[in-house]
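Here is the structure we will look at.
The values are calculated or read from the model by the stated rules, or taken from the named source; none is laboratory data. As the structure is a computational prediction, the values presented were derived from the model and not from experiment. Note that each Cβ is placed from the backbone with ideal geometry, even for glycine, and that neighbours are counted across all protein chains shown.
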Amino acid sequence: MGKQEDFVLRALEERDVRFVRLWFTDVLGFLKSVAVAPAELEGAFDEGIGFDGSAIEGFARVYESDMLAKPDPSTFQILPWRGEGPSTARMFCDIVMPDGSPSYADPRHVLKRTLSNAAEQGFTFYTHPEIEFYLFKDGPAPGGEPVPVDRSGYFDHTAQSQGADFRREAITMLESMGISVEFSHHEGGPGQQEIDLRYADALSTADNIMTFRTVIREVALSQGIWASFMPKPFTAHPGSGMHTHVSLFEGDRNAFFEAGAEYQLSRTGRQFIAGILRHASEIAVVTNQWVNSYKRLLGGGEAPSYICWGHNNRSAMIRVPMYKPQKGVSTRIELRTIDAACNPYLAYAVTLAAGMKGIAEDYELPREAEDDVWTLTERERKSMGIAPLPSSLSEAISVAEDSELLAETLGEHVFDFFLRNKRTEWQEYRTQVSAFERDRMLPVL
(Lines give C-alpha, C1' and ligand atoms only; values in the text may rest on other atoms or scores of the structure.)
Protein backbone atom coordinates (compact mmCIF):
# COMPACT_ATOMS: atom_id res chain seq x y z
CA MET A 1 0.00 0.00 0.00
CA GLY A 2 1.16 3.51 -0.79
CA LYS A 3 1.39 6.69 1.26
CA GLN A 4 -2.06 7.92 0.21
CA GLU A 5 -3.73 4.69 1.35
CA ASP A 6 -1.87 4.89 4.70
CA PHE A 7 -3.01 8.50 5.12
CA VAL A 8 -6.65 7.46 4.54
CA LEU A 9 -6.45 4.57 7.03
CA ARG A 10 -4.95 6.89 9.69
CA ALA A 11 -7.60 9.56 8.98
CA LEU A 12 -10.37 7.00 9.53
CA GLU A 13 -9.20 6.47 13.11
CA GLU A 14 -8.41 10.10 13.90
CA ARG A 15 -11.74 11.40 12.55
CA ASP A 16 -13.88 8.58 14.00
CA VAL A 17 -15.13 7.57 10.56
CA ARG A 18 -17.70 4.76 10.81
CA PHE A 19 -18.79 4.57 7.17
CA VAL A 20 -16.94 5.10 3.92
CA ARG A 21 -19.05 5.69 0.82
CA LEU A 22 -17.43 4.53 -2.40
CA TRP A 23 -18.72 6.64 -5.30
CA PHE A 24 -18.75 6.12 -9.06
CA THR A 25 -21.10 7.08 -11.89
CA ASP A 26 -23.06 5.09 -14.41
CA VAL A 27 -22.75 5.87 -18.12
CA LEU A 28 -25.47 8.53 -17.94
CA GLY A 29 -23.70 10.36 -15.10
CA PHE A 30 -25.88 9.30 -12.15
CA LEU A 31 -23.95 8.90 -8.92
CA LYS A 32 -23.74 5.40 -7.41
CA SER A 33 -22.66 4.70 -3.84
CA VAL A 34 -21.78 1.67 -1.73
CA ALA A 35 -20.97 2.05 1.99
CA VAL A 36 -18.21 -0.03 3.55
CA ALA A 37 -17.00 -0.31 7.12
CA PRO A 38 -13.49 1.10 7.77
CA ALA A 39 -12.23 -2.43 8.55
CA GLU A 40 -12.96 -3.43 4.95
CA LEU A 41 -11.04 -0.57 3.40
CA GLU A 42 -7.58 -2.13 3.35
CA GLY A 43 -9.00 -5.01 1.32
CA ALA A 44 -10.86 -2.56 -0.92
CA PHE A 45 -7.58 -0.75 -1.72
CA ASP A 46 -5.89 -4.06 -2.59
CA GLU A 47 -8.65 -5.92 -4.39
CA GLY A 48 -11.68 -3.62 -4.76
CA ILE A 49 -15.27 -4.18 -3.64
CA GLY A 50 -17.27 -6.58 -5.81
CA PHE A 51 -20.68 -5.61 -7.25
CA ASP A 52 -23.11 -6.71 -9.94
CA GLY A 53 -22.24 -4.60 -13.00
CA SER A 54 -25.34 -5.76 -14.90
CA ALA A 55 -27.53 -3.91 -12.36
CA ILE A 56 -25.83 -0.56 -13.20
CA GLU A 57 -27.11 1.41 -16.20
CA GLY A 58 -24.87 0.63 -19.18
CA PHE A 59 -22.16 -1.23 -17.27
CA ALA A 60 -22.36 -4.86 -18.32
CA ARG A 61 -24.42 -7.69 -19.70
CA VAL A 62 -25.59 -10.38 -17.28
CA TYR A 63 -22.99 -12.96 -18.31
CA GLU A 64 -20.07 -10.60 -17.53
CA SER A 65 -21.56 -8.88 -14.52
CA ASP A 66 -18.81 -9.28 -11.89
CA MET A 67 -16.98 -5.99 -11.41
CA LEU A 68 -14.86 -4.35 -8.73
CA ALA A 69 -14.89 -0.80 -7.39
CA LYS A 70 -11.35 0.27 -6.40
CA PRO A 71 -11.25 3.46 -4.26
CA ASP A 72 -8.93 6.29 -5.32
CA PRO A 73 -7.30 7.43 -2.04
CA SER A 74 -6.49 10.88 -3.46
CA THR A 75 -10.25 11.64 -3.45
CA PHE A 76 -10.82 10.92 0.27
CA GLN A 77 -13.04 13.52 1.97
CA ILE A 78 -15.28 13.67 5.04
CA LEU A 79 -18.93 14.32 4.12
CA PRO A 80 -19.81 17.49 6.05
CA TRP A 81 -23.61 17.12 5.92
CA ARG A 82 -23.67 14.05 8.15
CA GLY A 83 -23.67 16.19 11.32
CA GLU A 84 -21.85 15.70 14.62
CA GLY A 85 -20.67 12.39 16.05
CA PRO A 86 -19.27 9.51 13.99
CA SER A 87 -18.22 10.74 10.56
CA THR A 88 -18.97 9.46 7.06
CA ALA A 89 -16.32 9.80 4.35
CA ARG A 90 -16.32 9.28 0.60
CA MET A 91 -13.88 8.27 -2.12
CA PHE A 92 -14.34 8.03 -5.88
CA CYS A 93 -13.64 4.66 -7.43
CA ASP A 94 -12.16 3.29 -10.59
CA ILE A 95 -14.12 0.30 -11.89
CA VAL A 96 -12.07 -2.75 -12.84
CA MET A 97 -12.80 -6.24 -14.15
CA PRO A 98 -11.97 -9.37 -12.09
CA ASP A 99 -8.62 -9.68 -13.93
CA GLY A 100 -7.67 -6.13 -12.80
CA SER A 101 -8.09 -4.47 -16.21
CA PRO A 102 -10.04 -1.17 -16.34
CA SER A 103 -13.74 -1.51 -17.11
CA TYR A 104 -14.58 -0.28 -20.60
CA ALA A 105 -17.91 0.99 -19.16
CA ASP A 106 -16.45 3.30 -16.50
CA PRO A 107 -16.92 6.99 -17.50
CA ARG A 108 -14.03 7.99 -15.21
CA HIS A 109 -11.77 5.64 -17.16
CA VAL A 110 -12.97 7.13 -20.47
CA LEU A 111 -11.76 10.54 -19.27
CA LYS A 112 -8.50 9.15 -17.82
CA ARG A 113 -7.76 7.41 -21.13
CA THR A 114 -8.37 10.65 -23.10
CA LEU A 115 -6.20 12.66 -20.66
CA SER A 116 -3.49 10.06 -21.00
CA ASN A 117 -3.56 10.42 -24.82
CA ALA A 118 -3.13 14.19 -24.42
CA ALA A 119 -0.33 13.65 -21.89
CA GLU A 120 1.55 11.60 -24.50
CA GLN A 121 1.58 14.77 -26.63
CA GLY A 122 2.88 16.71 -23.61
CA PHE A 123 -0.43 18.38 -22.66
CA THR A 124 -2.38 18.70 -19.39
CA PHE A 125 -6.05 19.70 -19.74
CA TYR A 126 -7.47 22.23 -17.28
CA THR A 127 -11.14 23.13 -16.86
CA HIS A 128 -13.09 25.72 -14.88
CA PRO A 129 -16.90 25.28 -14.87
CA GLU A 130 -19.57 27.89 -14.17
CA ILE A 131 -22.48 25.80 -12.90
CA GLU A 132 -26.05 27.09 -13.05
CA PHE A 133 -29.09 25.59 -11.35
CA TYR A 134 -32.54 26.52 -10.05
CA LEU A 135 -33.89 26.49 -6.49
CA PHE A 136 -37.58 25.68 -6.06
CA LYS A 137 -39.87 25.89 -3.04
CA ASP A 138 -41.04 22.30 -3.40
CA GLY A 139 -39.93 19.07 -4.98
CA PRO A 140 -41.12 18.04 -8.45
CA ALA A 141 -44.89 17.62 -8.75
CA PRO A 142 -46.33 15.93 -11.86
CA GLY A 143 -47.80 18.33 -14.40
CA GLY A 144 -47.52 21.82 -12.88
CA GLU A 145 -44.62 24.29 -13.09
CA PRO A 146 -42.31 24.41 -10.05
CA VAL A 147 -42.29 27.56 -7.90
CA PRO A 148 -38.88 29.34 -7.70
CA VAL A 149 -37.62 30.43 -4.25
CA ASP A 150 -37.39 34.09 -5.34
CA ARG A 151 -38.12 36.56 -8.12
CA SER A 152 -34.63 38.07 -8.24
CA GLY A 153 -32.53 38.56 -11.38
CA TYR A 154 -28.90 38.60 -12.56
CA PHE A 155 -26.41 39.67 -9.83
CA ASP A 156 -29.32 40.91 -7.66
CA HIS A 157 -28.60 41.45 -3.99
CA THR A 158 -31.86 40.82 -2.18
CA ALA A 159 -32.28 41.45 1.55
CA GLN A 160 -32.88 38.25 3.55
CA SER A 161 -32.67 36.28 0.29
CA GLN A 162 -32.99 32.53 0.63
CA GLY A 163 -30.69 32.16 -2.39
CA ALA A 164 -27.88 34.11 -0.66
CA ASP A 165 -28.22 32.01 2.53
CA PHE A 166 -28.24 28.89 0.41
CA ARG A 167 -25.11 29.89 -1.53
CA ARG A 168 -23.24 30.75 1.68
CA GLU A 169 -23.99 27.36 3.26
CA ALA A 170 -23.29 25.42 0.05
CA ILE A 171 -19.95 27.18 -0.51
CA THR A 172 -18.88 26.59 3.11
CA MET A 173 -19.65 22.90 2.64
CA LEU A 174 -17.83 22.69 -0.72
CA GLU A 175 -14.74 24.43 0.71
CA SER A 176 -14.73 22.01 3.67
CA MET A 177 -14.46 19.19 1.10
CA GLY A 178 -11.49 20.80 -0.62
CA ILE A 179 -13.50 22.17 -3.56
CA SER A 180 -12.47 25.78 -4.18
CA VAL A 181 -15.21 28.17 -5.27
CA GLU A 182 -14.27 31.26 -7.27
CA PHE A 183 -17.56 33.19 -7.63
CA SER A 184 -21.23 32.85 -6.76
CA HIS A 185 -24.20 35.01 -7.63
CA HIS A 186 -27.88 35.06 -8.55
CA GLU A 187 -28.42 34.28 -12.23
CA GLY A 188 -30.97 35.72 -14.68
CA GLY A 189 -33.93 33.45 -13.94
CA PRO A 190 -36.11 33.57 -10.79
CA GLY A 191 -34.52 31.26 -8.21
CA GLN A 192 -31.56 30.63 -10.57
CA GLN A 193 -28.07 30.49 -9.04
CA GLU A 194 -24.53 30.23 -10.40
CA ILE A 195 -21.47 28.93 -8.57
CA ASP A 196 -18.10 28.81 -10.36
CA LEU A 197 -15.46 26.29 -9.36
CA ARG A 198 -11.76 27.17 -9.47
CA TYR A 199 -9.49 25.90 -12.26
CA ALA A 200 -8.29 22.30 -11.86
CA ASP A 201 -7.18 19.40 -14.04
CA ALA A 202 -10.19 17.89 -15.85
CA LEU A 203 -10.35 14.67 -13.78
CA SER A 204 -10.42 16.59 -10.48
CA THR A 205 -13.02 18.96 -11.97
CA ALA A 206 -15.28 16.10 -13.07
CA ASP A 207 -15.04 14.52 -9.58
CA ASN A 208 -15.75 17.97 -8.10
CA ILE A 209 -18.84 18.45 -10.30
CA MET A 210 -20.28 15.11 -9.14
CA THR A 211 -19.62 16.15 -5.52
CA PHE A 212 -20.99 19.65 -6.21
CA ARG A 213 -24.32 18.33 -7.50
CA THR A 214 -24.68 16.13 -4.40
CA VAL A 215 -23.77 18.98 -1.99
CA ILE A 216 -26.20 21.39 -3.68
CA ARG A 217 -29.08 18.91 -3.37
CA GLU A 218 -28.21 18.07 0.25
CA VAL A 219 -28.05 21.74 1.30
CA ALA A 220 -31.32 22.49 -0.50
CA LEU A 221 -33.12 19.61 1.23
CA SER A 222 -31.73 20.72 4.61
CA GLN A 223 -33.33 24.15 3.99
CA GLY A 224 -36.67 22.70 2.92
CA ILE A 225 -36.23 23.59 -0.77
CA TRP A 226 -35.33 21.70 -3.96
CA ALA A 227 -32.38 22.13 -6.34
CA SER A 228 -32.44 21.10 -10.00
CA PHE A 229 -29.81 21.07 -12.76
CA MET A 230 -32.45 20.49 -15.46
CA PRO A 231 -31.24 22.42 -18.54
CA LYS A 232 -34.52 24.28 -19.22
CA PRO A 233 -37.19 24.03 -16.51
CA PHE A 234 -39.16 27.12 -17.70
CA THR A 235 -40.27 28.19 -21.16
CA ALA A 236 -40.02 31.90 -20.34
CA HIS A 237 -36.79 31.95 -18.27
CA PRO A 238 -33.14 31.18 -19.11
CA GLY A 239 -31.84 27.63 -19.12
CA SER A 240 -29.05 26.34 -16.87
CA GLY A 241 -25.72 25.80 -18.57
CA MET A 242 -22.25 24.84 -17.44
CA HIS A 243 -20.03 27.19 -19.44
CA THR A 244 -16.54 25.71 -19.10
CA HIS A 245 -13.26 27.58 -19.51
CA VAL A 246 -10.60 25.23 -20.86
CA SER A 247 -6.89 25.43 -21.54
CA LEU A 248 -3.93 23.17 -22.31
CA PHE A 249 -0.64 23.41 -20.46
CA GLU A 250 2.79 22.07 -21.43
CA GLY A 251 4.42 21.81 -18.01
CA ASP A 252 4.03 25.29 -16.51
CA ARG A 253 3.48 26.96 -19.89
CA ASN A 254 0.01 27.80 -21.16
CA ALA A 255 -0.07 26.30 -24.67
CA PHE A 256 -2.92 28.65 -25.66
CA PHE A 257 -0.86 31.82 -25.01
CA GLU A 258 1.34 33.53 -27.58
CA ALA A 259 2.48 37.09 -26.93
CA GLY A 260 1.71 39.38 -29.85
CA ALA A 261 -0.67 36.99 -31.61
CA GLU A 262 -4.26 38.10 -32.27
CA TYR A 263 -6.07 37.94 -28.90
CA GLN A 264 -2.73 36.52 -27.60
CA LEU A 265 -4.06 33.15 -28.81
CA SER A 266 -1.43 30.67 -30.01
CA ARG A 267 -1.63 28.42 -33.08
CA THR A 268 -2.28 25.49 -30.73
CA GLY A 269 -5.19 27.38 -29.19
CA ARG A 270 -6.64 28.20 -32.61
CA GLN A 271 -6.35 24.58 -33.77
CA PHE A 272 -8.00 23.40 -30.54
CA ILE A 273 -10.98 25.73 -31.12
CA ALA A 274 -11.16 24.58 -34.76
CA GLY A 275 -11.31 20.95 -33.57
CA ILE A 276 -14.21 21.59 -31.21
CA LEU A 277 -16.08 23.58 -33.89
CA ARG A 278 -15.63 20.91 -36.58
CA HIS A 279 -16.82 18.11 -34.28
CA ALA A 280 -19.39 20.14 -32.30
CA SER A 281 -22.43 18.42 -33.81
CA GLU A 282 -20.95 14.96 -33.25
CA ILE A 283 -20.22 15.51 -29.56
CA ALA A 284 -23.49 17.37 -28.83
CA VAL A 285 -25.21 14.14 -27.81
CA VAL A 286 -22.71 13.93 -24.91
CA THR A 287 -22.33 17.62 -23.97
CA ASN A 288 -26.14 18.02 -24.20
CA GLN A 289 -27.45 14.56 -23.52
CA TRP A 290 -31.12 15.07 -22.60
CA VAL A 291 -34.28 15.79 -24.62
CA ASN A 292 -34.62 18.95 -22.53
CA SER A 293 -31.03 20.08 -23.33
CA TYR A 294 -32.12 21.24 -26.79
CA LYS A 295 -34.89 23.45 -25.35
CA ARG A 296 -32.06 25.40 -23.68
CA LEU A 297 -29.96 25.59 -26.85
CA LEU A 298 -32.93 26.81 -28.90
CA GLY A 299 -34.24 29.09 -26.18
CA GLY A 300 -32.16 32.19 -26.92
CA GLY A 301 -30.66 34.14 -24.06
CA GLU A 302 -26.97 33.36 -23.91
CA ALA A 303 -27.28 29.69 -24.95
CA PRO A 304 -25.52 28.95 -28.26
CA SER A 305 -27.46 27.52 -31.21
CA TYR A 306 -24.79 27.98 -33.87
CA ILE A 307 -21.29 26.61 -34.44
CA CYS A 308 -19.00 29.62 -34.31
CA TRP A 309 -16.44 31.38 -32.14
CA GLY A 310 -15.91 34.99 -31.22
CA HIS A 311 -13.78 37.29 -29.10
CA ASN A 312 -15.85 38.26 -26.07
CA ASN A 313 -18.99 37.36 -28.06
CA ARG A 314 -21.54 35.77 -25.72
CA SER A 315 -23.79 34.62 -28.57
CA ALA A 316 -20.98 32.42 -29.95
CA MET A 317 -20.53 28.76 -29.07
CA ILE A 318 -16.89 29.37 -28.12
CA ARG A 319 -15.83 32.68 -26.61
CA VAL A 320 -12.23 33.84 -26.29
CA PRO A 321 -12.28 36.01 -23.14
CA MET A 322 -10.46 39.34 -23.13
CA TYR A 323 -6.72 39.03 -22.52
CA LYS A 324 -5.47 40.50 -19.25
CA PRO A 325 -2.03 42.16 -19.58
CA GLN A 326 0.78 40.14 -17.96
CA LYS A 327 -1.62 37.23 -17.41
CA GLY A 328 -0.59 34.87 -20.22
CA VAL A 329 -1.15 31.94 -17.89
CA SER A 330 -4.88 32.71 -17.84
CA THR A 331 -5.39 32.65 -21.64
CA ARG A 332 -8.25 30.23 -22.24
CA ILE A 333 -11.37 29.56 -24.26
CA GLU A 334 -14.93 29.31 -22.94
CA LEU A 335 -17.12 26.53 -24.29
CA ARG A 336 -20.76 27.56 -23.83
CA THR A 337 -22.70 24.52 -25.05
CA ILE A 338 -22.23 22.11 -22.11
CA ASP A 339 -25.14 21.97 -19.68
CA ALA A 340 -25.06 21.22 -15.97
CA ALA A 341 -26.92 17.90 -16.34
CA CYS A 342 -24.26 16.15 -18.46
CA ASN A 343 -21.97 13.31 -17.43
CA PRO A 344 -18.88 15.51 -16.78
CA TYR A 345 -16.39 12.67 -17.34
CA LEU A 346 -17.71 11.98 -20.84
CA ALA A 347 -18.35 15.65 -21.70
CA TYR A 348 -14.77 16.65 -20.89
CA ALA A 349 -13.39 13.56 -22.64
CA VAL A 350 -15.13 14.36 -25.95
CA THR A 351 -14.28 18.08 -25.70
CA LEU A 352 -10.60 17.29 -25.22
CA ALA A 353 -10.62 14.65 -27.98
CA ALA A 354 -12.19 17.10 -30.47
CA GLY A 355 -9.67 19.82 -29.60
CA MET A 356 -6.72 17.42 -29.80
CA LYS A 357 -7.93 16.23 -33.22
CA GLY A 358 -7.78 19.85 -34.37
CA ILE A 359 -4.14 20.06 -33.19
CA ALA A 360 -3.14 16.67 -34.64
CA GLU A 361 -4.62 17.41 -38.06
CA ASP A 362 -3.83 21.14 -38.10
CA TYR A 363 -7.42 22.31 -38.60
CA GLU A 364 -7.81 25.84 -39.91
CA LEU A 365 -9.83 28.13 -37.66
CA PRO A 366 -12.81 29.68 -39.51
CA ARG A 367 -13.48 33.40 -39.42
CA GLU A 368 -14.77 34.68 -36.09
CA ALA A 369 -18.36 35.80 -35.61
CA GLU A 370 -18.32 39.48 -34.68
CA ASP A 371 -22.10 40.01 -34.65
CA ASP A 372 -24.77 38.75 -32.31
CA VAL A 373 -25.38 35.48 -34.15
CA TRP A 374 -28.98 35.35 -32.96
CA THR A 375 -29.88 38.58 -34.82
CA LEU A 376 -28.49 37.47 -38.21
CA THR A 377 -30.86 36.06 -40.82
CA GLU A 378 -30.54 32.43 -41.93
CA ARG A 379 -29.08 33.62 -45.23
CA GLU A 380 -26.49 35.83 -43.50
CA ARG A 381 -25.40 32.94 -41.28
CA LYS A 382 -25.13 30.66 -44.30
CA SER A 383 -23.00 33.16 -46.23
CA MET A 384 -20.67 33.40 -43.22
CA GLY A 385 -20.39 29.59 -43.04
CA ILE A 386 -22.09 29.40 -39.62
CA ALA A 387 -23.95 26.10 -39.31
CA PRO A 388 -26.54 25.33 -36.62
CA LEU A 389 -25.97 22.90 -33.77
CA PRO A 390 -28.38 19.93 -33.69
CA SER A 391 -31.84 21.25 -32.82
CA SER A 392 -33.08 18.11 -31.06
CA LEU A 393 -31.78 15.00 -29.35
CA SER A 394 -32.91 13.00 -32.37
CA GLU A 395 -30.74 15.12 -34.70
CA ALA A 396 -27.78 14.85 -32.30
CA ILE A 397 -28.10 11.04 -32.23
CA SER A 398 -28.17 10.86 -36.05
CA VAL A 399 -24.94 12.87 -36.34
CA ALA A 400 -23.27 10.96 -33.48
CA GLU A 401 -24.00 7.55 -35.00
CA ASP A 402 -21.54 8.24 -37.84
CA SER A 403 -18.85 9.83 -35.66
CA GLU A 404 -15.49 8.04 -35.62
CA LEU A 405 -14.19 10.54 -33.07
CA LEU A 406 -17.03 9.73 -30.66
CA ALA A 407 -16.75 5.95 -31.07
CA GLU A 408 -12.98 6.12 -30.56
CA THR A 409 -13.15 8.40 -27.51
CA LEU A 410 -16.01 6.68 -25.67
CA GLY A 411 -15.00 3.17 -26.66
CA GLU A 412 -17.33 0.77 -28.44
CA HIS A 413 -19.26 -0.32 -25.33
CA VAL A 414 -20.09 3.16 -23.97
CA PHE A 415 -20.74 4.49 -27.49
CA ASP A 416 -23.28 1.71 -28.26
CA PHE A 417 -25.04 1.83 -24.90
CA PHE A 418 -25.19 5.62 -24.76
CA LEU A 419 -26.75 5.99 -28.21
CA ARG A 420 -29.16 3.10 -27.60
CA ASN A 421 -30.31 4.74 -24.36
CA LYS A 422 -30.71 8.14 -26.03
CA ARG A 423 -32.77 6.63 -28.88
CA THR A 424 -35.13 5.12 -26.29
CA GLU A 425 -35.41 8.49 -24.51
CA TRP A 426 -36.29 10.20 -27.80
CA GLN A 427 -38.90 7.55 -28.66
CA GLU A 428 -40.56 7.95 -25.25
CA TYR A 429 -40.53 11.74 -25.58
CA ARG A 430 -41.98 11.68 -29.10
CA THR A 431 -45.09 9.78 -28.01
CA GLN A 432 -45.93 12.12 -25.10
CA VAL A 433 -48.83 14.53 -25.49
CA SER A 434 -47.63 17.88 -24.10
CA ALA A 435 -49.37 20.71 -22.25
CA PHE A 436 -48.70 22.86 -25.34
CA GLU A 437 -50.81 20.54 -27.54
CA ARG A 438 -53.64 20.32 -25.02
CA ASP A 439 -53.72 24.08 -24.36
CA ARG A 440 -53.58 24.93 -28.06
CA MET A 441 -55.84 22.24 -29.54
CA LEU A 442 -58.40 21.02 -27.03
CA PRO A 443 -60.38 24.31 -27.10
CA VAL A 444 -60.52 24.55 -30.90
CA LEU A 445 -60.40 21.06 -32.38
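Please verify whether residue 42 is among the acidic types (Asp, Glu), farther than 29 Å from residue 217 by Cβ and out of contact with any strand residue (DSSP E or B) (no Cβ under 7 Å at 6 or more places or on another chain), treating the condition exactly as stated. For residue 42, the condition - among the acidic types (Asp, Glu), farther than 29 Å from residue 217 by Cβ and out of contact with any strand residue (DSSP E or B) (no Cβ under 7 Å at 6 or more places or on another chain) - is met.
Screening the candidates 88, 124, 114 for the property of being crowded, with 20+ Cβ neighbours inside 10 Å and either in contact (Cβ under 8 Å) with a residue 12 or more places away in the chain or not assigned by TED's automatic domain parsing to the domain that holds residue 212 (or both) yields one hit, 114. When we screen 176, 152, 161 for residues that are over 30 Å from residue 356 (Cα atoms), surrounded by 20 or more Cβ atoms within 10 Å (Cβ to Cβ), at pLDDT below 95 and among the hydroxyl-bearing types (Ser, Thr, Tyr), the only hit is 152. Touching a Leu at 6+ places or on another chain (Cβ under 8 Å) and under 22 Å from residue 288 (Cβ atoms): is that true of residue 401 in this structure? The answer is yes for residue 401.
Scanning the stretch 257-267 for residues that are in a helix (DSSP H, G or I) and surrounded by fewer than 20 Cβ atoms within 10 Å (Cβ to Cβ) yields 262, 263, 267. Residues in the stretch 221-237 that are out of contact with any helix residue (DSSP H, G or I) (no Cβ under 6 Å at 6 or more places or on another chain) and either surrounded by 23 or more Cβ atoms within 10 Å (Cβ to Cβ) or in the same structural domain as residue 91 (by TED's automatic domain parsing) (or both): 1 in all.
Restricting to the stretch 236-250, and then to whatever is in contact (Cβ under 8 Å) with a residue 12 or more places away in the chain and part of a loop (DSSP other than H, G, I, E, B), can you tell me which residue is farthest from residue 127 (Cα to Cα)? Looking at the filtered set, the residue picked out is 237. When residue 207 is tested against (1) crowded, with 20+ Cβ neighbours inside 10 Å; (2) more than 30 Å from residue 360 (Cα to Cα); (3) modelled with pLDDT of 95 or more, only condition (2) is not met.
With a requirement of 2 or more residues that are among the aromatic types (Phe, Trp, Tyr) and within 30 Å of residue 288 (Cβ to Cβ), the strands (runs of 3 or more DSSP E) lying completely within the stretch 1-72 that satisfy it span 17-25. Note on the stretch 1-21: residues that are exposed (fewer than 14 other Cβ atoms within 10 Å of the Cβ) and either within 13 Å of residue 70 (Cα to Cα) or aliphatic (A, V, I, L, M) (or both) total 1.
In the stretch 118-125, the condition of being in a loop (DSSP other than H, G, I, E, B), under 22 Å from the mean Cα position of the chain (by Cα) and either more than 27 Å from residue 256 (Cα to Cα) or at pLDDT below 95 (or both) is met by no residue. Note on the stretch 22-67: among residues that are within 22 Å of residue 206 (Cα to Cα) and either surrounded by fewer than 17 Cβ atoms within 10 Å (Cβ to Cβ) or in contact with a His (Cβ under 6 Å, 6 or more places away or on another chain) (or both), the one that is modelled with the lowest pLDDT is 57.
When only residues in the stretch 221-238 that are among the small types (Gly, Ala, Ser) and at pLDDT 95 or above count, which is nearest to residue 294 (Cα to Cα)?
Per the criteria, the residue is 228.
Inside the stretch 306-316, residues that are out of contact with any helix residue (DSSP H, G or I) (no Cβ under 7 Å at 6 or more places or on another chain), in contact (Cβ under 8 Å) with a residue 40 or more places away in the chain and outside any strand (DSSP E or B) make up a count of 1.
Restricting 217, 168 to those that are under 20 Å from the mean Cα position of the chain (by Cα), surrounded by fewer than 21 Cβ atoms within 10 Å (Cβ to Cβ), without any contact (Cβ under 8 Å) to a residue 60 or more places away in the chain and in a helix (DSSP H, G or I) reduces the list to 217.
Every residue, every condition in (1) farther than 26 Å from residue 215 by Cα; (2) aliphatic (A, V, I, L, M), yes or no:
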residue: 79; (1), (2): no, yes
residue: 92; (1), (2): no, no
residue: 95; (1), (2): no, yes
residue: 104; (1), (2): yes, no
residue: 108; (1), (2): no, no
residue: 114; (1), (2): yes, no
residue: 127; (1), (2): no, no
residue: 135; (1), (2): no, yes
residue: 147; (1), (2): no, yes
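The set of residues in the stretch 173-199 that are hydroxyl-bearing (Ser, Thr, Tyr) and either in contact (Cβ under 8 Å) with a residue 24 or more places away in the chain or outside the structural domain of residue 127 (by TED's automatic domain parsing) (or both) comprises 176, 199.
When residue 100 is tested against (1) in a strand (DSSP E or B); (2) surrounded by fewer than 18 Cβ atoms within 10 Å (Cβ to Cβ), exactly one condition is not met: (1).
Take the conditions (1) under 22 Å from the mean Cα position of the chain (by Cα); (2) surrounded by 20 or more Cβ atoms within 10 Å (Cβ to Cβ); residue 254 misses just one of them, which is (1). Looking across the stretch 322-377, the residues that are among the β-branched types (Val, Ile, Thr) and closer than 21 Å to residue 390 by Cα come down to 337, 338, 350, 351, 373, 375, 377.
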